[in-house]
Each structure stands twice: as C-alpha cells, then as structure tokens.
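Below: the structure, in structure tokens.
Computed from the coordinates by the stated procedures, all read-outs in this text should not be read as laboratory data. What you see is a predicted model; the values in this text were computed from it and never measured. So basically every Cβ, Gly included, is an ideal-geometry build from the backbone, and we count neighbours across all protein chains shown.
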Amino acid sequence: MHVMKAAMATELEALRLVKEGDWDGAHRIVSDLTTKTAARIHAHLHRVEGDLPNAGYWYRQAGVAPETGTLEAEWEMLMAAVSASR
C-alpha cells in the first residue's frame with residue numbers, strides 16, 4: 001500500500017509540473033513509474049509535445065484508447081483520477 005501511495009504522490013507531482021509547463025520534469029517522473037496512470041500521464045506528455053505516435057504507444061501501455069479531447073480536459077481528467085485514488 002505504501003508503494004501505491006508513493007506512486008500517486010509522484011503522479012500528482014508530475015501533473016503539477018505539466019500544468020506549470022515543466023515538460024522535462026514531468027517526463028522524468030513518469031519515466032520512472034510503472035503504473036497505468038503514469039503511462040496515461042506519459043501519453044498526455046507526448047500529446048503536449050505533438051508526438052502522437054509515441055503518445056499512442058503510452059496509451060496502449062495504459063490500456064486505454066487515445067484521448068481526442070483537448071489537452072486541458074485530459075489534464076483535468078488525469079488530475080481527478082489521481083486525486084480520487086488517494
């Protein structure tokens with residue numbers, strides 16, 4: 001359980017960095033995590049970057065369909081999902 005809480009804390013930090021425009025910092029965090037949520041955040045980051053093929057890979061790793069809405073809506077959904085898991 002402690003490991004899951006630690007992953008959630010780092011996922012929240014990654015999302016905070018995304019919001020602040022620190023793509024590299026957020027990418028460093030999610031690159032070290034193996035959760036499905038981290039894979040979704042990783043996909044989001046590559047969407048932000050405009051690298052849709054790489055984003056597609058990470059959506060597949062997360063087991064979800066690629067997001068087609070706005071980046072802001074996806075970020076809000078991710079934040080709500082991580083916050084609800086706490």
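List of remarks:
- Fully extended contour minus Cα-Cα distance, from Glu49 to Ser85, at 0.36 nm per residue: 10.3 nm
- Charged-residue dipole, Cβ positions (Lys, Arg, Asp, Glu), the chain about Cα centre, Debye nearest 20: 380 debye
- Sum of -39500 (n - 2.57) over DSSP H runs of 4+, divided by residues of the chain (222 nm, nearest 500): -25500 deg cm²/dmol
- If you wrap the Cα atoms of the chain in a convex hull and average its projected area over all directions, you get 4.9 nm².
- Using alpha-carbon coordinates, inclination of helix 2-20 to the longest axis of the chain, degrees: 40 degrees
- Normalised by the number of residues in the chain, the average gap of Cα pairs under 8 Å and 6 or more apart makes the relative contact order 29 percent.
- Neighbour counts of C-beta atoms inside 10 Å place Glu74, Glu13 in the sequence Glu13, Glu74, starting with the fewest.
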